[in-house]
Amino acid sequence: MRAFIRDQLARLGLGRLAKHPPPNQVSSDADPGERPWSLGVEQSLQRREVSVTGMITDRSATTIIAQMLYLDAEDPAAPMTLRIDSPGGVATSTLAIYDAIQHVKAPVCTAVAGVAGGTAILIAVAGASGHRTATARSLYRFVRFRFRYRSEAAGRECDRLVDAFAAAIGRHTQLDRRAVARAMDREERMHALVALRRGFVDHVGGGDLLDGGR
């Protein structure tokens, strides 16, 4: 399984993430036929659910992508659901998850329960059309990207990354790239019903969303 994940990450051009083995995996000495996940993750995978919680880092992105690739290999026709409650995190790690969403054949539903903040907004809006859900109390929170760079070239690369995020979010919502960039700069917040009107989510429910809109 680890070799499969490494190969798939390489195909996505995400070889750097292969250096961060998913922390929920059990020992590599486990039977090849066994699923390499902890019991809690195993139960989530049986429901075809992947958690996107807490800060998004290279390590957590590796775990999320590995689980998505596993579910896609198990049944590429069955939908999977990304359950999101995250303030965002590392931009490049988030883009890696976004690329994986585009890569897998299985439909990807997204369900926000809590916060989709910063870079996590991109994951929330990237779900399959008609299958992006949020609880009524969920919050979509834009943040201004903050970079530590010392050269003009690095500054240009940071600007390119911000523009890439704004353009990608714009493709999945009713806001254009410039409107998204303004929302990021102003660190705007949207409750679920506002997000619904702006095309960030397709369905807003009560306190629990168990099926990702399926």
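The values are calculated or read from the model by the stated rules, or taken from the named source; none is laboratory data. Everything numeric in this text was worked out from a predicted model, so none of it was measured. Here the Cβ is made from the backbone with ideal geometry for all residues, glycine too, and neighbour counts use every protein chain on show.
I'm told residue 159 meets every condition in (1) in contact (Cβ under 8 Å) with a residue 12 or more places away in the chain; (2) outside any loop (DSSP other than H, G, I, E, B) except one. Can you identify the failing condition by its number?
All conditions pass for residue 159, except number (1).
Test residue 57 against the criterion of being more than 21 Å from residue 200 (Cα to Cα), surrounded by 19 or more Cβ atoms within 10 Å (Cβ to Cβ) and among the β-branched types (Val, Ile, Thr), and give yes or no.
no
Here are some residues: 52, 112. Which one is more than 10 Å from the chain's Cα centre (by Cα), part of a strand (DSSP E or B) and within 20 Å of residue 169 (Cβ to Cβ)?
When all the criteria are applied, what remains is 112.
Got a sec? Which of 35, 6 is at pLDDT below 90, farther than 18 Å from residue 140 by Cα and assigned to a helix (DSSP H, G or I)?
After ruling out the rest, the residue left standing is 6.
Of the residues 77, 124, 154, only one is under 15 Å from the mean Cα position of the chain (by Cα) and either touching a residue at least 24 places away in the same chain (Cβ under 8 Å) or surrounded by fewer than 18 Cβ atoms within 10 Å (Cβ to Cβ) (or both); which?
Among 77, 124, 154, only 124 is under 15 Å from the mean Cα position of the chain (by Cα) and either touching a residue at least 24 places away in the same chain (Cβ under 8 Å) or surrounded by fewer than 18 Cβ atoms within 10 Å (Cβ to Cβ) (or both).
Condition check: at pLDDT below 95, more than 16 Å from residue 53 (Cα to Cα) and surrounded by 15 or more Cβ atoms within 10 Å (Cβ to Cβ). Does residue 164 satisfy that?
For residue 164, the condition - at pLDDT below 95, more than 16 Å from residue 53 (Cα to Cα) and surrounded by 15 or more Cβ atoms within 10 Å (Cβ to Cβ) - is met.
Has region 44-67 got any residue that is closer than 18 Å to residue 195 by Cβ and either touching a Phe, Trp or Tyr at 6+ places or on another chain (Cβ under 7 Å) or without any contact (Cβ under 8 Å) to a residue 40 or more places away in the chain (or both)?
No, region 44-67 contains no residue that is closer than 18 Å to residue 195 by Cβ and either touching a Phe, Trp or Tyr at 6+ places or on another chain (Cβ under 7 Å) or without any contact (Cβ under 8 Å) to a residue 40 or more places away in the chain (or both).
Can you tell me how many residues within region 85-105 are free of Cβ contacts under 8 Å to residues at least 40 places away in the same chain and aliphatic (A, V, I, L, M)?
3
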